[in-house]
Amino acid sequence: MDGTQAAPLRQHVSNATLVTSMGLGAGDVGFIAGLYGSFVGHQTLYAATVTGCSAAVGAFMVGMAIATFIRKGSAG
């Protein structure tokens with residue numbers, strides 16, 4: 001890169017936007033997992049709800065771990 005040019009500015013996404021997007025995405029994953037458990041796994045309503053909630057919490061936790069890793073890596 002030419003030393004006379006300024007470095008391009010990076011787009012910053014706020015933490016609230018990132019967490020909200022991950023929460024909505026995790027909710028979608030949980031909903032799909034619950035539907036899959038209900039239709040394909042022949043689970044009762046209660047069991048399918050537990051499956052969906054567990055999948056949503058797991059997806060959110062994995063997303064937070066990945067986001068934390070990326071944020072710490074991009075800060076340095």
Query raised in the report: Mind checking which residues of segment 1-28 are open to solvent by 70 Å² or more (accessible area, probe 1.4 Å) and more than 22 Å from Arg71 (Cα to Cα)?
Result: Met1, Asp2, Gly3, Thr4, Gln5, Ala6, Asp28
Query raised in the report: His42 fails exactly one of the following numbered conditions: (1) open to solvent by less than 90 Å² (accessible area, probe 1.4 Å); (2) assigned to a loop (DSSP other than H, G, I, E, B). What is the number of that condition?
Result: (1)
Query raised in the report: Which residue out of Thr51, Thr17 is part of a helix (DSSP H, G or I) and modelled with pLDDT under 95?
Result: Thr17
**Report entry** Checking Gly34 against (1) surrounded by 14 or more Cβ atoms within 10 Å (Cβ to Cβ); (2) assigned to a loop (DSSP other than H, G, I, E, B); (3) not charged (D, E, K, R), the condition it does not meet
**Finding:** (2)
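The values are calculated or read from the model by the stated rules, or taken from the named source; none is laboratory data. Since we're looking at a predicted model, the values are computed, not measured. No Cβ is skipped: glycine too gets one built from the backbone with ideal geometry, and neighbour counts run over all protein chains shown. With ligands, DNA and RNA removed, areas are computed over all heavy atoms of the protein, side chains included. Shrake-Rupley method; radii C 1.70, N 1.55, O 1.52, S 1.80 Å.
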